[in-house]
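Note sheet for the following structure.
The values are calculated or read from the model by the stated rules, or taken from the named source; none is laboratory data. None of the values given here were measured: they were computed from a predicted structure. In this analysis, Cβ positions are derived from the backbone assuming ideal geometry, glycine residues included, and neighbour counts consider all displayed protein chains.
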């Protein structure tokens, strides 16, 4: 007759062995997944930070288009399309920058040929215009566009240099990570890049972006975002 005690002992050994086997597999799985994927790493955050930077340097801009067939730089005025606090104007045309100004709820400007007037708190007027007795006109078209502007780029880079922690938080960089920003304008001038970057474990993105310059024309620059 076979011993019942020996049979039960053998079954118990099998159960214990199976349990240890399953526990070992689970342990190996957790170790493997923790090595393959680490949440909140610089690699995972880079895309989010890049998108936040683009949003930070972009503005809703009213774009008003006009055409003046006269050879003389006549003076025109047009009502602002929307009341925006601290808004300014910038413009460009066939002959270069368009001089413009805001006064009394109207935009005043002069020029010939095809012209664009940009109206937003995200632009800066470096070509002010002073005139009177201007002709009231209606734009050939007017609409809002999301535009990266040189004013916004300069503002972000100034904040980055002057208030690093606040800028990091605004751009959604995890508190355990560091950030470096650099922007190169079309003329080769660079701003930012003030944080020392280590040699390893750095995730970097380089984006070519079109931006509205102070003179009212579109130019191409490069934006570099580095986190680690």
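A quick yes/no check of all residues on (1) surrounded by 15 or more Cβ atoms within 10 Å (Cβ to Cβ); (2) within 19 Å of residue 218 (Cα to Cα); (3) touching a residue at least 60 places away in the same chain (Cβ under 8 Å); (4) in contact with a strand residue (DSSP E or B) (Cβ under 9 Å, 6 or more places away or on another chain):
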site: 117; (1), (2), (3), (4): yes, yes, no, yes
site: 121; (1), (2), (3), (4): yes, yes, yes, yes
site: 124; (1), (2), (3), (4): yes, yes, yes, yes
site: 127; (1), (2), (3), (4): yes, yes, yes, yes
site: 138; (1), (2), (3), (4): no, no, yes, yes
site: 152; (1), (2), (3), (4): yes, yes, yes, yes
site: 158; (1), (2), (3), (4): no, no, no, yes
site: 163; (1), (2), (3), (4): no, no, no, no
site: 178; (1), (2), (3), (4): yes, no, no, yes
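What number goes with the only condition from (1) surrounded by 14 or more Cβ atoms within 10 Å (Cβ to Cβ); (2) in the same structural domain as residue 205 (by TED's automatic domain parsing); (3) outside any strand (DSSP E or B); (4) modelled with pLDDT of 95 or more that residue 182 does not pass?
Going through (1) surrounded by 14 or more Cβ atoms within 10 Å (Cβ to Cβ); (2) in the same structural domain as residue 205 (by TED's automatic domain parsing); (3) outside any strand (DSSP E or B); (4) modelled with pLDDT of 95 or more one by one, residue 182 breaks only (3).
Given the residues 209, 191, 195, which is the only one that is at pLDDT below 95, part of a strand (DSSP E or B) and in contact with a helix residue (DSSP H, G or I) (Cβ under 8 Å, 6 or more places away or on another chain)? First the steps, then the outcome.
On the way: 209 fails: at pLDDT below 95; 195 fails: part of a strand (DSSP E or B).
Sole residue among the options that is at pLDDT below 95, part of a strand (DSSP E or B) and in contact with a helix residue (DSSP H, G or I) (Cβ under 8 Å, 6 or more places away or on another chain): 191.
Just to check your reading of the model, which residue among 86, 68 is farther than 30 Å from residue 170 by Cα and surrounded by fewer than 21 Cβ atoms within 10 Å (Cβ to Cβ)? Walk me through it before giving the result.
Details: 86 fails: farther than 30 Å from residue 170 by Cα.
Exactly one of 86, 68 is farther than 30 Å from residue 170 by Cα and surrounded by fewer than 21 Cβ atoms within 10 Å (Cβ to Cβ), namely 68.
What about residue 63, is it surrounded by fewer than 21 Cβ atoms within 10 Å (Cβ to Cβ) and closer than 24 Å to residue 223 by Cβ? Full working, then the answer.
Details: surrounded by fewer than 21 Cβ atoms within 10 Å (Cβ to Cβ): yes; closer than 24 Å to residue 223 by Cβ: yes.
Taking the combined requirement at face value, the residue satisfies it.
Which condition does residue 212 not pass, out of (1) more than 18 Å from residue 93 (Cα to Cα); (2) crowded, with 16+ Cβ neighbours inside 10 Å; (3) outside the structural domain of residue 76 (by TED's automatic domain parsing), if it passes all the others?
Of (1) more than 18 Å from residue 93 (Cα to Cα); (2) crowded, with 16+ Cβ neighbours inside 10 Å; (3) outside the structural domain of residue 76 (by TED's automatic domain parsing), only one is false for residue 212: (1).
Please work out if residue 73 is at pLDDT below 80 and more than 30 Å from residue 148 (Cβ to Cβ). Spell out how you get there, then give the answer.
On the way: at pLDDT below 80: yes; more than 30 Å from residue 148 (Cβ to Cβ): no.
Spelling it out, it is not the case that residue 73 is at pLDDT below 80 and more than 30 Å from residue 148 (Cβ to Cβ).
Inside the stretch 48-63, can you point out the residues that are in contact with a strand residue (DSSP E or B) (Cβ under 8 Å, 6 or more places away or on another chain) and in a helix (DSSP H, G or I)? Walk me through how you get there before you give the answer.
Our first condition is that a residue be in contact with a strand residue (DSSP E or B) (Cβ under 8 Å, 6 or more places away or on another chain); within the stretch 48-63, this holds for 49-50, 53-54, 57-63.
Listed by number, the residues that qualify are 49, 50, 53, 54.
Table: residues versus (1) under 20 Å from residue 132 (Cα atoms); (2) touching a strand residue (DSSP E or B) at 6+ places or on another chain (Cβ under 7 Å).
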site: 80; (1), (2): yes, yes
site: 89; (1), (2): yes, yes
site: 96; (1), (2): no, no
site: 103; (1), (2): yes, no
site: 107; (1), (2): yes, yes
site: 113; (1), (2): no, yes
